[in-house]
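**Q** One structure is given below, represented as structure tokens, and several questions about it will come after.
The values are calculated or read from the model by the stated rules, or taken from the named source; none is laboratory data. Note that the coordinates shown come from a computational prediction; the quantities given were computed from them, not determined experimentally. No Cβ is skipped: glycine too gets one built from the backbone with ideal geometry, and neighbour counts run over all protein chains shown.
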Amino acid sequence: MARRKDISDDSIARAKQWLEDGGTKKGACEILGVSNNKTMQARLDEFDNKIRIDKEIRSRKRREAVSNEELAGIVKDHLSGDSLQELSDSYYRSTDTIKHHLVKNGAFIFTHNKIDPLNPPLLPDDCVADSFEVGQYVWAAKYNCVAKVAAIFKNAYRIRVAGDGILEYSYQASSELGNLQHLADLGVDLSKLTPEVMTTEEISFQINKTLLEANKKGKKKYEDS
């Protein structure tokens, strides 16, 4: 069975406009990259149905408050890198509504702009904290992603950064880290936003621990026999 070709919404909109302006069906097929009128019409009908459903859901959503579960999903997807438009498409809310709730809850922290590592973006007031604990998930402004505190030093925190192709340890001052506990309280699973990748040292430790436990069990079994 031949794989169905993906057609962008822009191409479909251009094909519809072409037909509305008196263009031929053959021309519309060429715009969409399909071979016959039946397929062309099916794609146009699907697009119209998609627009209709989108309008219906958005109309209903405008009469409904943003639920806690929905807000947690919006925050999670925002921290994962989704743009305001992508969030709007996913949750059928206006970009203004999406941004309002992100700002209101101290979650509007991911940026699609290039970050100057020497001058990272300021954190929302809700994220500002003087200290953090080992194992705590934090926002690393310099890296534009969630990180995990691995160790505490006199004037800095060692964090594990894993996001957007980054996998490394870094030392950061508390002023460059954001407390995300208020987002966890909303129901955002912060552990899902940073891959748990074990370092060589951690792998070696786990192997040695397993071998030690195996030796203890073997020794006990020998003594009991």
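**Q** Mind listing just one residue for me: the one in the range 9-29 that is in contact with a helix residue (DSSP H, G or I) (Cβ under 9 Å, 6 or more places away or on another chain), closer than 21 Å to D89 by Cβ and modelled with pLDDT of 90 or more and, of those, surrounded by the most Cβ atoms within 10 Å (Cβ to Cβ)?
**A** A15
A quick yes/no check of all residues on (1) in contact with a strand residue (DSSP E or B) (Cβ under 7 Å, 6 or more places away or on another chain); (2) closer than 15 Å to K16 by Cβ; (3) exposed (fewer than 11 other Cβ atoms within 10 Å of the Cβ):
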{"site": "I31", "(1), (2), (3)": "no, yes, no"}
{"site": "R52", "(1), (2), (3)": "no, yes, yes"}
{"site": "R58", "(1), (2), (3)": "no, no, no"}
{"site": "R62", "(1), (2), (3)": "no, no, no"}
{"site": "A72", "(1), (2), (3)": "no, no, no"}
{"site": "K76", "(1), (2), (3)": "no, no, no"}
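**Q** Another question about this same structure. Hey, among the residues in the range 140-156 that are out of contact with any Asp or Glu (no Cβ under 9 Å at 6 or more places or on another chain) and under 20 Å from L190 (Cα atoms), which one's surrounded by the fewest Cβ atoms within 10 Å (Cβ to Cβ)? Let's see the steps before the verdict.
**A** So the first thing to find is which residues in the range 140-156 are out of contact with any Asp or Glu (no Cβ under 9 Å at 6 or more places or on another chain), and the list is 146-147, 150-151, 153-156.
Still in the list and also under 20 Å from L190 (Cα atoms): 146-147, 150-151.
Working: V146: 26, A147: 29, A150: 16, A151: 12.
Per the stated criteria, the residue is A151.
**Q** Return the residue satisfying two criteria in turn: it lies in the range 157-184 and is of a type in the set (S, T, Y) and surrounded by 15 or more Cβ atoms within 10 Å (Cβ to Cβ), and of such residues it is farthest from P120 (Cα to Cα).
**A** Across the range 157-184, the extreme among qualifying residues is Y157.
**Q** Considering Y91, Y137, which residue is at pLDDT below 95, surrounded by 17 or more Cβ atoms within 10 Å (Cβ to Cβ) and among the hydroxyl-bearing types (S, T, Y)?
**A** Working: Y91 fails: at pLDDT below 95.
The unique qualifying residue is Y137.
**Q** Which one of these does F108 not meet: (1) hydrophobic (A, V, I, L, M, F, W, C); (2) surrounded by 14 or more Cβ atoms within 10 Å (Cβ to Cβ); (3) under 18 Å from E168 (Cβ atoms)?
**A** The number of the failed condition is (3).
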